[in-house]
Amino acid sequence: MDKLRLAPGPGYAAAVAVWERRCALPLAIFVLCVGIYCATSAGRLLQPTPNNHYVHLAHAWLQGRLDIGGNPPGTNDWACFDTVSQGPCPPGRYSFSGPDAERYRWHVSFPPLPAVLLLPVVALFGLGSLDALFWALFAGLAPMLLFVVLRDLRESGCSGRTQRDDLLVTALFAVGSVYYFVAVQGTVWFAAHVVASAFICLYLLCAFGARRPVAAGLALGLAFLCRPATLLLAAFFVLQAITAAKDEGHARPGSGSRPLRTLVMFVFPLGLIVAAAMWHNAARFGDPLEFGHRFLQIRWRPRIETWGLFSTHYLPRNLTVFFLALPWLLESSPFIRISRHGLALWFTTPNLLWSLWPKKLDGAIVALWAAIVPTALCTLLYQNTGWVQFGYRFSLDYLPLLLVLVALSRRRFGAAFLACAAFAIIVNTFGAITFDRYDQFYDDDSTQQVIFQPD
């Protein structure tokens, strides 16, 4: 008896065609962005980065350790913990031997999700893992997911944009914002932004209309495991859940318990991830709220000990960089120079100004701003401006939300918008190519005191 052969029917073929049509453009965006990032990274892809903290953290886990074991390979942003005093190590020392090596343990203080992603790679290639290549490949996800968010808003009638407009906003994020220079670095600080940006975009996709509360909580929790300030973006989901419940209440009286169930479903995975991070902190430092930044062996430790990691003391300097930092014009070659504090956010992406005056306020716009403002304030109160950087990289904690606001503004993308977009792409391409490679364009101050061009 012949075996039965089940051939796919016309419904299956139609479903495949729809899937291909829906996925083709996002995948093309991913491939194009990865190609741009890899080409811009160039030689960085061929060797481990000089600050591959996440590789060392993954390697330590594979050895069954929470500290990295031994002395770090460099002096840049490693946390040193005194296991006896339960505090920072003696200042100014970057290596220990003998009994001191047992007492003073070196850790990676940056939240650990990027190291989790690197585990299979490090298991195969060890400390020689090509982390810059890994992050350049990963960097294509955030622009792809942002486009899917914008498409979803367009198809639901929320944004009123065309596909061309969505592609333009996606391009602004991919190569017309600080994300571009961050995506091609590969080192620890920038890798955290690359991973967080992808999960922020995924969070937005799941959080609009509070339609996927479990997935939204999971995505935001994973973003938190890269950049803790992103936890404040939870305000967006909460307001979306309340708005959705009100809308449903008008349509279906008696459904008042819906927002509570939705919020519980959102908080549950988010809470589990936060709890796991707290366990990891407690296991290393005896304090569930301590990621380890208080133990960084850096020259700026006295100010952290005096003012803390977050304080209004840092606000004037951070606001200055955020709003006023511009390139310095020189009379001779190279004709421009940039402070190590980076450039103002509006200068690197002037199109963000379109987010400030939407034609009409609605619940989504209010919810987005309710998430952006506290997240931005958190970074502006931090002890560091983002140093060393081309542009204000901490804005990546909420930049996808700002670009969604640009799309939701319903303002026309006319000649002024296109001119600003062209400017943004040129400026950020310059930054991606020159940052950490062509030092003549960057100030050599190492004190963190020089923000404006010296007299």
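A few notes on this one:
- C-alpha center-to-center spacing [the range 140-178, the range 59-103] in angstrom: 44
- Cα lying deepest toward the dipole's positive end in the range 305-455, options Leu399, Ala344, Val427, charges on Cβ: Leu399
- Gain in span if fully extended, Lys246 to Ser156, counting 0.36 nm per residue against the direct Cα distance: 30.6 nm
- Working ranking of peptides 167-173, 366-372 by packing, defined as the average number of other Cβ atoms within 10 Å per residue, highest first, is 167-173, 366-372.
- Amide H contacts of Ile336 (H built 1.01 Å from N, under 5 Å, at least 5 apart or other chain): Leu330
- Net lengthening on full extension, Ala276/Ala28 (0.36 nm per residue, minus Cα-Cα): 85.7 nm
- Amide N of the range 328-367 lying under 14 Å from the label point, which is placed 7 angstrom from the Cα of Arg412 along Cα→Cβ: none
- Rough spin-label spacing in nm, given labels placed 7 Å along Cα→Cβ, for Thr320 and Leu377: 2.3
- Set of the range 394-426 residues, backbone N closer than 19 Å to the point 7 Å along the Cα-Cβ line of Leu329: 423-424
- Assigned charges on the beta-carbon of Lys, Arg, Asp, Glu; the chain dipole about Cα centre (debye): 1280
- From most to least packed by mean Cβ count within 10 Å, the peptides 64-73, 235-244 give 235-244, 64-73.
- Once C-alpha pairs closer than 8 Å and six or more residues apart are averaged by separation and normalised to the residue number of the chain, the relative contact order reads 18 percent.
- Efficiency of FRET between Ser311 and Ala13 - r from beta-carbon atoms, R0 41 angstrom, step 0.05: 0.10
- Helix runs (DSSP H) in the chain reaching 24 Å along axis by Cα, Kyte-Doolittle at least -0.5: 10-41, 188-207, 234-251, 258-285, 363-380, 415-434
- Inter-site label distance for Trp300 and Asp455 at 7 Å from Cα along Cβ, in nm: 2.6
- Label point 7 Å beyond Cα of Asp436 along Cβ direction - residues of the range 126-161 with amide nitrogen under 13 Å: 131-136
- Calculated FRET efficiency for the pair Thr75/Val121, C-beta based, R₀ 25 Å, to 0.05: 0.50
- Projected label points at Arg21 and Asp100, each 7 Å from Cα along the beta carbon direction, are separated by 6.9 nanometres.
- In a simple Cβ point-charge model (Lys, Arg +1; Asp, Glu -1; nothing else charged), the range 1-116 has a dipole of about 420 debye relative to its Cα centre.
- Likely footprinting exposure, Lys359, Lys246, fewest C-beta neighbours within 10 Å first: Lys359, Lys246
Where a number appears in this text, it was derived from the coordinates with a stated rule and is not lab data. Since this is a predicted model, take the numbers as computed values, not measurements. All Cβ positions, glycine included, derive from the backbone under ideal geometry; neighbour counts span all protein chains shown.
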